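The structure under discussion appears below in the form of structure tokens.
The values are calculated or read from the model by the stated rules, or taken from the named source; none is laboratory data. Quick caveat: nothing in here was measured; it's all calculated off a predicted structure. Cβ placement follows ideal geometry from the backbone for every residue including glycine, while neighbour counts extend to all protein chains displayed. Remember, those area values only see protein heavy atoms, side chains included, never the ligands or the DNA or RNA. Shrake-Rupley method; radii C 1.70, N 1.55, O 1.52, S 1.80 Å.
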Amino acid sequence: MSSSSSKQPQLNIPLHVSYIKSLGENKDDLAYHLTAHLRINAVYWGLTALCIMGHKDALDRGETIDFVMSCWDDEAGAFGAHPDHDAHILSTLSAIQILVIHDALDRVDIPRVVKFILSLHQPSGVFAGDSFGEIDTRFTFCAVSALSLLGRLHELDGEPKQRTVGYIARCRNFDGGFGSCIGAESHAAQVFVCVGTLAILDRLDEVDQETLGWWLCERQLPSGGLNGRPEKLEDVCYSFWVLSSLSILNKIPWIDAEKLTEFILSAQDLEGGGIADRPGDMVDVFHTLFGVAGLSLLGYPGLEDLDPVYCMPAEVIEAKGLRKSWTA
Ligand SMILES: COc1ccc(S(=O)(=O)N2Cc3cc(C#N)ccc3N(Cc3cncn3C)C[C@H]2Cc2ccccc2)cc1
Ligand SMILES: [Zn+2]
């Protein structure tokens, strides 16, 4: 893909780096406190975006690790999204991703976290998000990717792995896609978590790759952007959910990369920095990550490679020996 033909301004990396750095500075903003329940996830989103843009050190490593450890819920043996918040698989995965990126897994009581994760495995094969029992294929991906990053995926060997794969197989729809649970309609974010889980478990044979490939490339709209379901609006975050699934299936050429690149670049705020869900909307750190993540998967010049399964820097996943054979 040649960026010289782009009609949109290029990716303004310095501006987006300063936007992410500013997020942790405005602690007086009401918005800062209203998003406490997302804090550790937001740190993962910001840190990963910085890594892809080549500015991993823009956030202080020591302060970041100290914040993650302040989210440890010692009663549960896992991480919450904010100090004194209850442990949840979503925040536990974010904590592990941050510590792996910073090569600080030695700070984690791995046996206790593994016990928490395995305690969420349901008889049906799906994972719950926490002890309250809400189930979702998103939580299954979080559990399996967390165990993999901890080097403890073998805990699922045998019947637990078959149960997990069997549940995801029962979520597969006629259109080749996957939903949040058995019987739920296909949705791009759920397709990512199910395909990603099957990729980690080396069971992509459970995916109808041609049919799903078509469903995924049909997410692209005339604007170049991707939506999450038929008849929905395009949204930058689907640049990652759809592209990562296509990347795992080796079908990224099935979409128009040039037009998607233009769409993502058009969603930048070129004054304050950051990327929004679509042009003209308010930016946030979630869409900033998934915008640069999408550009990285499209081979946009000047960005670090992203691993499509773990949504983490490819060099970090490579160093842990977790890169899959089909990834370039
Ligand atoms: C602004 O209203 C919201 C609504 C929901 C949430 S959320 O439940 O915490 N969450 C994460 C999220 C974070 C931010 C940011 N910063 C912004 C949005 C957003 N969404 C909502 C969204 C994204 N695209 C369109 N929509 C409507 C996804 C959602 C679910 C999710 C959680 C973890 C990982 C992946 C997905 C946060 C804010
Ligand atoms: Zn979105």
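Most mobile of G133, G274, G80 per a Gaussian network model of the chain (Cα springs, under 10 Å)?
G133
So between H33 and Q8, what do we pick up on full extension, going 0.36 nm a residue minus the alpha carbon distance?
5.5 nm
When we measure straight from the Cα of K27, which aspartates and glutamates land under 20 angstrom away, once same-chain ones fewer than 8 places off are left out?
D60, E63, D66, D84, D284
With the crude spin-label approximation of a point 7 Å out along Cα→Cβ, what separation in nm comes out for S131 versus R61?
3.5 nm
In the neighborhood of G299, defined by Cβ-to-Cβ distances under 12 Å, what is the net charge if each Lys or Arg adds +1 and each Asp or Glu adds -1?
Neighbour charge sum, excluding G299 itself: -3.
Find the accessible area per residue for segment 12-109; the probe is 1.4 Å, ligands and nucleic acids are left out, and the unit is Å².
Accessible area per residue: 46 Å².
Percent relative contact order of segment 86-153, based on C-alpha pairs within less than 8 angstrom and at least six residues apart?
Relative CO of segment 86-153 lands at 39 percent.
Taking 8 Å as the Cα distance limit and 6 or more residues as the minimum spacing, I'd like the relative contact order of segment 228-307 as a percentage.
Averaging sequence separation for qualifying contacts and normalising by length gives 30 percent for segment 228-307.
Using a 1.4 angstrom probe, figure out how much accessible area segment 136-270 has per residue, in square angstrom, rounded to the nearest whole.
On a per-residue basis, segment 136-270 sits at 36 Å².
Ratio to report: Rg/Rh of the chain, with Cα atoms as the point set and Rh obtained by the Kirkwood method; give two decimals.
Radius of gyration over Kirkwood radius for the chain works out to 0.94.
Just order 221-227, 259-265, 89-95 by mean Cβ neighbour count inside 10 Å, highest at the front, would you?
Going by the mean number of other Cβ atoms within 10 Å, highest first, we get 89-95, 259-265, 221-227.
Across every pair of different alpha-carbon atoms, what Kirkwood hydrodynamic radius in Å does segment 113-233 reach?
By the Kirkwood definition, the hydrodynamic radius is 14.8 Å.
Carbon and sulfur atoms: what percent of the 1.4 Å accessible area of the chain do they account for?
Using a 1.4 Å probe with all protein chains present, the chain comes out at 51 percent carbon and sulfur.
Counting only other residues whose beta carbon sits under 14 Å from that of D175, what net charge do I get with K and R as +1, D and E as -1?
Cβ neighbours under 14 Å give a net charge of -2.
Let me check something: with ligands and nucleic acids excluded, how do H33, H16 order by accessible area (1.4 Å probe), largest to smallest?
Heavy-atom accessible area, descending, gives H33, H16.
Mind listing which GluC sites (Glu not before Pro) in segment 1-108 are in a DSSP loop and have 16 or fewer other Cβ atoms within 10 Å?
Answer by residue number: E25, E75.
I need the shape label for segment 187-328. Rule: rounded when a/c is under 1.5, else prolate if a/b > b/c, else oblate, with a, b, c from the alpha carbon gyration tensor.
Oblate, because a/c is 1.5 or more while a/b does not exceed b/c.
If contacts are Cα pairs under 8 angstrom and at least 6 residues apart, what is the relative contact order of the chain in percent?
Result for the chain is 18 percent.
Past the 21 Å Cα-Cα mark, which pairs from K56/K320; K56/K324; K232/K259; K7/K259; K251/K324?
Cα-Cα > 21 Å for K56/K324; rest within.
Where does the charge balance sit around A87 when Lys and Arg score +1, Asp and Glu -1, over other residues with C-beta under 12 Å from its C-beta?
-4
Of all chymotrypsin sites (Phe, Trp or Tyr not before Pro) in segment 132-215, which ones are in loop regions per DSSP and have a Cβ with at most 14 other Cβ atoms within 10 Å?
F132, F174
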